[in-house]
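Just so it is clear, none of the values below were taken in a lab; they were calculated from the coordinates. Predicted model, so just to flag it, every value in this text is computed and none were measured. Neighbour counts are summed over all protein chains in view; Cβ atoms, including those assigned to glycine, are modelled from backbone coordinates with ideal geometry.
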Amino acid sequence: MVFTHESNPRYPDLRVSVRSSNPLALVAGVREELRRAGAASEEIAGFTEQALASPYDLGHALEVARDWIGTAEAA
């Protein structure tokens with residue numbers, strides 16, 4: 001699945017691609033990219049809380065990821 005956010009994500013230049021359908025893998029990848037981009041720990045925690053509100057739902061994790069980054073992909 002590929003989701004590209006069409007409005008204004010917080011970090012539009014970030015792109016995450018994971019070869020897994022596990023939402024936790026996607027969340028970990030986004031967290032790492034946010035860290036590398038210099039996001040505050042509070043922001044990363046906020047993303048994580050939102051994305052893991054439905055921890056077994058890849059679609060939900062992708063939706064949240066696209067609110068934060070430009071492109072998110074998961075196998």
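Here are the numbers for this structure:
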| read-out | value |
| --- | --- |
| Residues satisfying the stated conditions in region 10-29, i.e. touching a strand residue (DSSP E or B) at 6+ places or on another chain (Cβ under 7 Å) and surrounded by 13 or more Cβ atoms within 10 Å (Cβ to Cβ) | 11, 12, 14, 15, 16, 18, 20, 25, 26, 29 |
| Counted residues, region 30-65 - those being touching a residue at least 40 places away in the same chain (Cβ under 8 Å) and crowded, with 18+ Cβ neighbours inside 10 Å | 4 |
| Selection within region 33-51 - closer than 14 Å to residue 66 by Cα and either touching a His at 6+ places or on another chain (Cβ under 6 Å) or among the charged types (D, E, K, R) (or both) | 33 |
| Only listed residue being in contact (Cβ under 8 Å) with a residue 12 or more places away in the chain and over 9 Å from the mean Cα position of the chain (by Cα), chosen from 18, 27 | 18 |
| All strands (runs of 3 or more DSSP E) inside the chain with 1 or more residues being of a type in the set (Gly, Ala, Ser) | 11-18, 69-74 |
